[in-house]
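Just so you know, all these numbers are worked out from the coordinates, no wet-lab data involved. These numbers were taken from a predicted model, which means no experiment stands behind them. Here the Cβ is made from the backbone with ideal geometry for all residues, glycine too, and neighbour counts use every protein chain on show.
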Amino acid sequence: MSTPLLMFVLFIAITLVVTYWAARKSSGSAAFFAAGRNITGWQNGIAVAGDYMSAASFLGIAGIIAFQGYDGFMYSVGWLVAYLTVLLVVAEPLRNAGKYTMADVLAYRLNPRPVRAMAALSTLTVSTFYMIAQMVGAGTLVALLLKGSGIGFNGAVTGVGILMVAYVVFGGMLATTWVQIIKAILLIAGTVLLSVLVLAHFHFSLYEFFDAIAHVQSGGKVVNFLEPGLRYKPPYGAIDLISLGLALIFGTAGLPHILVRFYTVPDAKTARISVVWAMFIIGTFYIMTTFLGFGAATILGGDFIKTHGGINMSAPLLAQRLAGDIFFAFISAIAFATILAVVAGLTISASTSFAHDFYTNVIHHGTERAPGEEVRVARITAFVVGAISIAVAILLGPTFNVAFLVGLAFAVAASANLPVIVFSIFWKRFNTSGAIWGLATGLVSSLVLIVISPSIMGLDQSHLIHAQPLFPLENPGIVSIPVGFLGAWLGTLAGNEPESAAKFAEMEVRANTGLGAEKASAH
């Protein structure tokens, strides 16, 4: 058995033991959907970081920096600062005013059925696009890392899919949380160690390190990787970077698989503490990706990376060069763990939203269900979501460009989810028609703009639609986010709902004080 495969098996064994332990505790809705609301601040902070730091972050951003230098670092800045929005705007009110999902907050003072139906649609859209991107990435990377072991793309996708469904179906939120904690600790440990090895290569001299970055051999010539312009070129480069930054900063506060994490803690104070922990871990991680990316550019060179696995293999190849095959296997196993933890978080957010919002509150009008029925529906949903993700990932294949799917997930979350969350918490007049308009305009505008953008449309064969792009930016955030807010505002003005305004004061007290919020002791 190859060393990478052995480490993969070891990680899977550990997480399955955790899932078995969690399965014995996950009885009842609160236990399955919210881990009994007993997760501590530091635990939830590490889990949030584990949920957020995807394979796209670890492998993709290191690769972008290795090939596009300063512009690649700027690409990562949006991820680094995104949690300020979460901390300052949504963490505390969301924890106090909701139960399991963001739709709980919206339904508190609005007409619950249409709002929950639209919120569930938005959640499933974001989660599915994000998950398919992770699954295609998982298949490509795992097949590449385990080359020679007989495990191909289809087998890798299927294996990841089966594992993520097992974590969610048997262990619920508790198992998902601990898988994310284990993954985050491994990821930070591996990134710190690799960063130290990079600095050791340059004798711990930052001057020597940055001098090497200013003289990178690329395509047979010397390029200064400290200068902008390698990725974001005129005429739309600067606007595209701003658009991506807006999608990341505002989208994070609307990502369903991040928002559900705030219901796992006992109170709003713990929710705030967990965000501070997450910000520290995520900030440290993204700063260190610069060492990984610039280290790969200076020590390996772009030509070597291209011929030994491509841009996403920059970090693992750097580990192999600096510390041999065992460290390469360790970094590869971390990449695998990263994918598993993120898809598990996406799966449980999608299944929770369908079971709690759509099944219980839309189809059955919020009536009391039989004990265990809601959890059973969530488990069935997890199977369905897993099966669809596996099938679509295999159908798209390893060569399909899925980068736009992750950008789409953030853009939809920022354009559809965030406007209605913010208005619901802070605007007294906001009503049901405003929520429906906001969710619909944000969802549709981001989807349409992505379809006609360079991510989908292009004149070369790598694009899905062979035509000149109608929209010049890769990410639609700079247009679709204002459209989402505008739709919510116009919808509110078009509707008249005095009872919504009447309940605003009650919700404001609850959102800011926690009076009447769901507590761990209540379950």
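A few comments on the model shown:
- Over the chain, DSSP H runs of length four or greater, each weighted -39,500 (n - 2.57), average out per residue to a 222 nm ellipticity of -23000 deg cm²/dmol.
- Projecting the Cα atoms of Tyr236, Phe304, Thr191 onto the charge dipole of the range 3-380 (Cβ charges, centred on the Cα centre) puts Thr191 farthest toward the positive pole.
- Summed side-chain charge close to Gly172 - residues other than Gly172 whose Cβ falls under 9 Å, Lys, Arg +1, Asp, Glu -1: +2
- Simple point charges give the picture: +1 on the Cβ of Lys and Arg, -1 on the Cβ of Asp and Glu, and for the chain a dipole about the Cα centre of about 820 debye.
- Start at zero, step by 10 Å, and the Cα-Cα distances of the range 3-380 spread as 5, 24, 32, 24, 12, 4, 0 percent across the bins.
- Cross-link partners for Lys233 among the lysines, with Cα-Cα distance under 21 Å and sequence neighbours closer than 8 places in the same chain left out: Lys221.
- Between the C-alpha center of the range 66-81 and that of the range 442-497 there is a gap of 23 Å.
- Amide hydrogen neighbours beyond the local backbone of Ser218, cut-off 5 Å, H modeled: Val223
- Cα gyration tensor shape of the range 389-462, rounded if a/c is under 1.5, else prolate or oblate by comparing a/b with b/c: prolate
- Folded to 0 to 90 degrees: helix 373-396 orientation relative to the chain principal axis, Cα: 30
- Charge-dipole axis of the chain as Lys and Arg at +1 and Asp and Glu at -1 on Cβ define it, positive-most pick from Ala156, Leu322, Ala47: Ala47
- Taking max minus min of the alpha-carbon positions on each principal axis, the range 1-154 gives extents of 56, 45, 31 Å, largest first.
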